[in-house]
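Asks: What follows is a single structure, and I will ask about it in a moment.
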Amino acid sequence: MPEVDQVRKELVVEIAQGRLLLKKNEDKILDLLTNSKGMILDDVDLIESLRQSKETAGIVSEKLEIAETKQEEINAAMAKYACVAQRATVLYFVVADLSLIDPMYQFSLNYFGRLYNTIIDNC
């Protein structure tokens, strides 16, 4: 399901960007706090940065929760295909090694097709 994988990749990027934005806000506030002179409550830039940071953190936190929930759903859907992927991997290497037993097996496409369909049906 390529469209689900694309959504998963976009969610990973979105989560990373959200966490980066939160980190930048935190760094900006720490910088303002360390460079603050006098009363902290009189520093208008610091207070405005704290207000903006609080708003941004709320928005980003909501988006992160939604993104993480979607990512868990996608991971659960992907886990359903693990059985198929594992069997296909085994099948590939079995067929690849058949030529070591007898060279005629490397040319038997009908056998491979029947074996593949049987394994998919049984999975």
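The values are calculated or read from the model by the stated rules, or taken from the named source; none is laboratory data. This is a predicted model, so every value here is computed, not measured. Quick reminder, even Gly has a Cβ in these numbers, built from the backbone with ideal geometry, and neighbours come from all protein chains shown.
Asks: When region 51-67 is examined, which residues are found to be over 22 Å from the mean Cα position of the chain (by Cα) and either basic (K, R) or crowded, with 17+ Cβ neighbours inside 10 Å (or both)?
Replies: Selection gives R51, S53, K54.
Asks: Related question: Please determine, by comparing only the residues of region 8-28 that are aliphatic (A, V, I, L, M) and exposed (fewer than 15 other Cβ atoms within 10 Å of the Cβ), which one is nearest to the chain's Cα centre (by Cα).
Replies: V12
Asks: Among the candidates I74, I15, single out the residue that is over 30 Å from T118 (Cβ atoms), assigned to a helix (DSSP H, G or I) and either among the small types (G, A, S) or not assigned by TED's automatic domain parsing to the domain that holds R114 (or both).
Replies: I15
Here is a yes/no grid of residues against (1) charged (D, E, K, R); (2) in the same structural domain as I29 (by TED's automatic domain parsing); (3) part of a helix (DSSP H, G or I):
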residue: E48; (1), (2), (3): yes, yes, yes
residue: S53; (1), (2), (3): no, yes, yes
residue: T56; (1), (2), (3): no, yes, yes
residue: A67; (1), (2), (3): no, yes, yes
residue: R87; (1), (2), (3): yes, no, yes
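Asks: Here's a check for you: in region 1-23, which residue that is β-branched (V, I, T) and touching a residue at least 40 places away in the same chain (Cβ under 8 Å) is farthest from E73 (Cα to Cα)?
Replies: I15
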